[in-house]
2 protein chains.
Amino acid sequence: MSTAGVLEDAGSSRDPPSPMASAKLLTASASGPGWTKVSCPCCMSHRVDPLVLVKLGKKVRPETKRWLLKLIGTLQKDGGAGLLAHPGEDASGDIMVLSATRCTLLQATEELGLCRVYKNGDMEAFSYEDRDNFKDSGVFLTLAERQYIVKYELDGMRAQRAIKIPGLDDSYMLQPRDNIWQKLTSAGVVVDTVALHDQEQLKALSQAWYAGNQLAQPLDSVNSYFGSSLAFYFSFLDFYTWSLLPPAVLGLSITYFSVQKEVVESVSGSQVIVDDHSGPGFSGHMIQAVFSMLWSTVVMELWKRRSASLSYRWGTLHLAERFAEPRPGYHGNLGVNPVTGRVEPLFPEWQRDLRMALVSVPVVGLFLGLVVLGMMVFYWGEAQVKRIHADYDSLWSQTFLYLPSVLHILYTNVLATVYKTVAEALTDYENHREESAFDNHLTGKVLVFTFFNYFAVLFHIAFFKQDVPLLRKRLASLLIVTQLINQVTEVVIPYLVDRFISAPNRAESEDDPQEDKFRNQGTLPVFPGLFAEYIELLVQFGYLSLFSCVFPLTAVLLLINNLTEIRSDAYKICKLFRKPFAAPVANMGVWQIAFEVLSFVSVVSNCWLLVLSPQIQAQCLEGELTCTKILMLAVGIEHVLILVKTVLAIVIPDEPGWITKKRLHIEFKSMQALRQQYFVCLDVKLQQSSLK
Amino acid sequence: MSTAGVLEDAGSSRDPPSPMASAKLLTASASGPGWTKVSCPCCMSHRVDPLVLVKLGKKVRPETKRWLLKLIGTLQKDGGAGLLAHPGEDASGDIMVLSATRCTLLQATEELGLCRVYKNGDMEAFSYEDRDNFKDSGVFLTLAERQYIVKYELDGMRAQRAIKIPGLDDSYMLQPRDNIWQKLTSAGVVVDTVALHDQEQLKALSQAWYAGNQLAQPLDSVNSYFGSSLAFYFSFLDFYTWSLLPPAVLGLSITYFSVQKEVVESVSGSQVIVDDHSGPGFSGHMIQAVFSMLWSTVVMELWKRRSASLSYRWGTLHLAERFAEPRPGYHGNLGVNPVTGRVEPLFPEWQRDLRMALVSVPVVGLFLGLVVLGMMVFYWGEAQVKRIHADYDSLWSQTFLYLPSVLHILYTNVLATVYKTVAEALTDYENHREESAFDNHLTGKVLVFTFFNYFAVLFHIAFFKQDVPLLRKRLASLLIVTQLINQVTEVVIPYLVDRFISAPNRAESEDDPQEDKFRNQGTLPVFPGLFAEYIELLVQFGYLSLFSCVFPLTAVLLLINNLTEIRSDAYKICKLFRKPFAAPVANMGVWQIAFEVLSFVSVVSNCWLLVLSPQIQAQCLEGELTCTKILMLAVGIEHVLILVKTVLAIVIPDEPGWITKKRLHIEFKSMQALRQQYFVCLDVKLQQSSLK
């Protein structure tokens, strides 16, 4: 095959070219051999970047593949994807390589509502018709955006009439408005869709990101290579890590002073004046508590501002998701969308609300109940085995002591796995129209559960057992142990698997054909999403803001952990997984809310821990009247702090003033569009009439 | 004068015509004698409705009036107001009557962002260019909107170059971009701008509103005659009054059962089993407290939904205030607005924030401190005079007993008056760009103060004195006395003044010239705005949601009060004041927030009052441990209820689903405008090129 020949040719040249460079060689003859024909004259190009690899089923017939190649090359208005497709080695191979024409990319840019730099230097919502007035409209989409658009077009293909797919039996007949890509996936024709790495860019990115000793992350490059959702995660990680500095310094100095005090006291041997000792201890505890309450609010408010400016910078301030086509899994009766006037599946809002209220909420509640039940059974079991051990005191009964913990861990894990499946099924059943709504509801469900799972024990110790030393011990062990485990499971194990099990299977030599290199990328595990990463941060943030007053070194430990976390996450995403498809997003979505909720809960828990602090409890035991008064004081302080937090959250604007102006400008422009265009039309019409 | 002749002619005809009818007669000769010339052919009309009366200073020279008439008639693009002006009796009289041309009205409709019914029956943002596709584009603006637009155009006039105003000395020279109407007002040329009543519509409105025994208010007519801000007030009053029914029924039944219980107990003479009595009393108190907490949230959430549908119905869902010209009082250095690209005064955001933080907040805080100080001095003084009275016990010392109350009332009134002036000055100094921002900040300031003024004493009794019987007594007397006083001061006094003092001065006979009738409307007092009305509702709502559990009949009293309040407010606004100019608004603005804040504070106060309830206090005295536990329980319940309220507020959507769809559709249309218009242009261009 000629294409394969060109590829081998490119691969065997002295200077090893990157896939992109070889792709340039490969397609130097324009959309020549291999690539599907371009229908639009402006999209004829001397360079086609391979963006996406599609893996087909082993048993797919050549006629099915030919039909699919043709369909992908067909324009959107005729029911295709408007993309460029390449059959790989030959027409019968089980891969296809896809790319996108300039027109398709630009039209999708407008559809997605991305902003781009206008000729006057401002960001403006991209308009295909006005494309010549945007700067660099040729190459101005990032790799991540281009790959997302390819996937977006594939997912958006819908049958315009009943079609029989060649090479498949009639059970896979396409009905009008059927989602073609979904059908092909369920029929086993399409096995996988993989975003291809650009080795050159990847190398440069990893150099700038984690290879050296640099402190700052190359966030813009991360955004352009991996897309905005990942870039937002790393930006937040960055922002959050640096904002750990103040509490870390405070925690260190509190620890230093209290240790010094203890040393002084043990040297002078004075344990006489107990009140003298309770004074500074009380104030350190208190400073830490009040500080962490205000700190969490200020950090989250400042992050919102930073997030808004990043979203402006990355052109995702004005996404038009709600006006776009519904996500592929969305189903309902065909009808006219009252917003856009397009024919598409419609699903009534009230029915979704009903499903959420009558199915999702009770089921989630049930699982939360199971978590609590598990915890109670665990405590009961532990009491039982302790009693048995005390009664019998044999080797048998000693091994019995570990049984409740083991059973509880097993139970928790099984519950979490089952819950994840159930949550997905529930969210699917709720039938959300937008991808982001689906994601947010799924994340929300898993989040509530995970949060409960992580914090139920700590809250139980703090509020029911009211045992501060146990809380401190538990917190310290959680911080150290879970972080070690996380680092190991997240990086070391995948690294070892990759290094010693997977990698030998896909040993790659420079002489390999280009297709094999692409194919190898498909063997990497799928990127599991940012859920685990965000949960880790959220749990950290929870430890810090909810309970750190009993263990002032929390922030220090977290700071150290996060400095390595940045690198290990970066390494992981660059090397150990497939490149993910990343939809453009304007913020962290539901995670933002989760962090803010935590920051409010922190006021309650900190005020409570203040009441529980040993010094205050000691005072409390002296006279009962004081106890009620202290509680009332704590409640009063809590209310004032919640008020202060609320006022802070309102007073600090969620976006910097200049972003507000830019956003309003974008809105104003789209409002004004009608009027301006009308006058253009009028001019044309006037000229026309004068011509007659 | 010919015009005066026509007017007198109209006035002396047998069937007494309304001003509007006579205006039709007056202007039957198109924009004929008297009215300024219409420059635009489409605005030539056989009917000019007099909308606004402008009262000029007594000493204004004829040349100034002529210049002003001409300026008002000039198109906006040439620095005028694009309105129709009539000199009244003659060119030297001290009034002018204004109206607006069709073009000016329609263009302003687009500028304000009003929505109107499109040809397909949906509401859509009005577009002047697309005007033919809107239903009834001739008469589709309400009287209130037309009058507001006249004022809007007058306020928007800006000098395009330095102009010397004829008949005034050089100190009133206009500089470029000066606000002309402001300058004329400060120069004493313009004394007053009065929106004219339409006696026919007014009569029909008052018939339907308060003359009969009807239960429902004619809210649409109120909106069209008085504008949306008043209509929102009356809609809220209506909604709130009907939503008082459930708490009223609950309060009545609680009172009934507790009275019956007391009767039964007194008959059987059993005062033995105290616990038996505390049981039901406790539960009645508790039911009332929990009910009023949840009730206030549900009512406010449902009102938001109602408010959204009213705003859609009245076409104010999509107001474009931020893109409009700044309000007249706004000042700053001339510059290019980054949002709209127009040249206008600019004032940096941070400077405003600084002024608010460093000037407004401390000053408001100072006044709040003065309120508290006054209250403390009052209590101290009362204790002092009681001591003196006990010591001397003479007639002199007895009169002394009233001194603290009298001084406190005097002090409070003086403080409130001073504060109002100060708040206005502060808000002016903050230099807000939009009229609504100015209003909201002013309202917010006065609101905080008034709220403090009304509730400080009640909170003091509840939280510091912890005296439930005193609170109940105080609440009952406040409810009954303040409502009586309000009704008297709001309606009876103005009615008497109007009837016996003002009315004889403007006795009107049918033979009077039209101008005199207009002129008479100017002698009515200016409508003082809705501030007092809203505050009354807010204070009511506060009594009910914060403290009603100690006095279950609150809702019943409020319901009775409001049923008369609706009528008296309606009467007042129709008869006793000038017709106000009403800017179109989409909701109640800052009042919405005030009610919601109250509804959250109610959770805190109700939980606290539960703890204070006599039954619980009795239990508390038995054993000290119970006291702490009860407090903890109350705090726990409070947190759960706040959570429930928050969840309720999130789960109940702020606008009905169908409104969301309509709003999105409006947004989608304005986004799509560019694209659609482009294709129209393209078609035209193609036709053009084929012609060549």
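The values are calculated or read from the model by the stated rules, or taken from the named source; none is laboratory data. As the structure is a prediction and not an experimental result, all values here were calculated from the model. All Cβ positions, glycine included, derive from the backbone under ideal geometry; neighbour counts span all protein chains shown.
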For region B:178-194, which positions are hydroxyl-bearing (Ser, Thr, Tyr) and in contact (Cβ under 8 Å) with a residue 40 or more places away in the chain? B:193
Out of everything in region B:199-222 that is touching a residue at least 24 places away in the same chain (Cβ under 8 Å) and touching a Ser or Thr at 6+ places or on another chain (Cβ under 7 Å), what residue ends up being surrounded by the fewest Cβ atoms within 10 Å (Cβ to Cβ)? B:200
Where residues in region A:354-404 are within 30 Å of residue A:438 (Cα to Cα) and among the small types (Gly, Ala, Ser), which of them is farthest from the chain's Cα centre (by Cα)? A:374
Unmet requirement for residue B:556, which otherwise passes all of (1) assigned to a helix (DSSP H, G or I); (2) surrounded by fewer than 21 Cβ atoms within 10 Å (Cβ to Cβ); (3) out of contact with any Gly (no Cβ under 6 Å at 6 or more places or on another chain): (3)
Picking from A:442, A:447, A:458, A:410, the residue that is buried (at least 17 other Cβ atoms within 10 Å of the Cβ) and either free of Cβ contacts under 8 Å to residues at least 40 places away in the same chain or not in a helix (DSSP H, G or I) (or both) would be A:442
Within region A:180-265, helices (runs of 4 or more DSSP H) holding 2 or more residues that are within 18 Å of the chain's Cα centre (by Cα): A:219-226, A:228-243
Out of B:155, B:49, B:130, which single residue is buried (at least 18 other Cβ atoms within 10 Å of the Cβ), free of Cβ contacts under 8 Å to residues at least 12 places away in the same chain and assigned by TED's automatic domain parsing to the domain that holds residue B:176? B:130
Condition broken by residue A:171, with the remaining ones in (1) in a helix (DSSP H, G or I); (2) among the hydroxyl-bearing types (Ser, Thr, Tyr); (3) buried (at least 16 other Cβ atoms within 10 Å of the Cβ) satisfied: (3)
Inspect region A:294-310 for any residue being small (Gly, Ala, Ser), outside the structural domain of residue A:141 (by TED's automatic domain parsing) and farther than 21 Å from residue A:113 by Cα and give the result as yes or no. yes
Which ones in region B:567-601 are touching a Leu at 6+ places or on another chain (Cβ under 6 Å) and farther than 24 Å from residue B:151 by Cα? B:594
May I ask you to verify whether residue B:178 is under 30 Å from residue B:145 (Cα atoms) and charged (D, E, K, R)? yes
Scope region B:313-324; condition farther than 17 Å from residue B:234 by Cβ and either within 13 Å of another protein chain (Cβ to nearest Cβ) or surrounded by fewer than 18 Cβ atoms within 10 Å (Cβ to Cβ) (or both); matching residues: B:318, B:319, B:320, B:321, B:322, B:323, B:324
Are any residues in region B:72-95 outside any loop (DSSP other than H, G, I, E, B) and either crowded, with 22+ Cβ neighbours inside 10 Å or not assigned by TED's automatic domain parsing to the domain that holds residue B:156 (or both), and if so, which ones? B:72, B:83, B:84, B:85, B:86
Which residue out of A:594, A:570, A:555 is small (Gly, Ala, Ser) and either farther than 24 Å from residue A:289 by Cα or out of contact with any helix residue (DSSP H, G or I) (no Cβ under 9 Å at 6 or more places or on another chain) (or both)? A:570
Yes/no for residue A:122 being under 30 Å from residue A:56 (Cα atoms) and surrounded by fewer than 18 Cβ atoms within 10 Å (Cβ to Cβ): no
Failed item in (1) under 26 Å from residue B:478 (Cβ atoms); (2) hydroxyl-bearing (Ser, Thr, Tyr); (3) free of Cβ contacts under 8 Å to residues at least 60 places away in the same chain, with residue B:397 passing the rest: (1)
Residue B:331 within 12 Å of another protein chain (Cβ to nearest Cβ) and outside any helix (DSSP H, G or I): no
Can you confirm whether region A:452-471 contains a residue that is closer than 27 Å to residue A:576 by Cα and not hydroxyl-bearing (Ser, Thr, Tyr)? no
Can you tell me how many residues in region B:341-351 are under 29 Å from the mean Cα position of the chain (by Cα) and at the interface with chain A (Cβ under 10 Å from one of its Cβ atoms)? 3
Scanning region B:335-356 residue by residue, those among the basic types (Lys, Arg) and part of a loop (DSSP other than H, G, I, E, B) turn out to be B:342
